[in-house]
Amino acid sequence: MISACLSPLCADNHAEIALELQLSGVDRVLDFLRMRDLLEQHGVRVPQVFQADPEQGLLLLEDLGHDTFL
């Protein structure tokens with residue numbers, strides 16, 4: 001199961017938003033992080049990881065916004 005919630009990180013509620021991503025299982029979190037790192041190594045803009053807890057299946061990620069570039 002993948003679930004996510006959005007919340008502002010800044011006290012003044014400007015555009016910085018974090019995405020809390022909950023993945024089922026340690027392997028899914030680690031797979032996500034490996035793919036994120038691989039894409040970043042090849043110059044793809046990927047979300048910054050603020051915190052990760054693979055054992056709990058949680059990631060706190062930067063929100064890249066609404067624009068898509070594919």
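Taking all protein chains as they are arranged and a probe of 1.4 Å, the heavy atoms of residue 37 leave approximately 70 Å² accessible to solvent.
Counted residue by residue at 0.36 nm each, then reduced by the alpha carbon distance between them, the extension gain from residue 53 to residue 38 reaches 3.5 nm. What does the net charge come to around residue 45 if you take all other residues with beta carbon closer than 12 Å to its beta carbon, with K and R at +1 and D and E at -1? Its environment carries a net charge of -2.
The values are calculated or read from the model by the stated rules, or taken from the named source; none is laboratory data. Computed from a predicted model, the values in this text were never measured in an experiment. Counting neighbours? That spans all protein chains shown, and the Cβs are built from the backbone with ideal geometry, glycine included. Note: areas computed on protein heavy atoms with side chains; ligands, DNA, RNA excluded. Shrake-Rupley method; radii C 1.70, N 1.55, O 1.52, S 1.80 Å.
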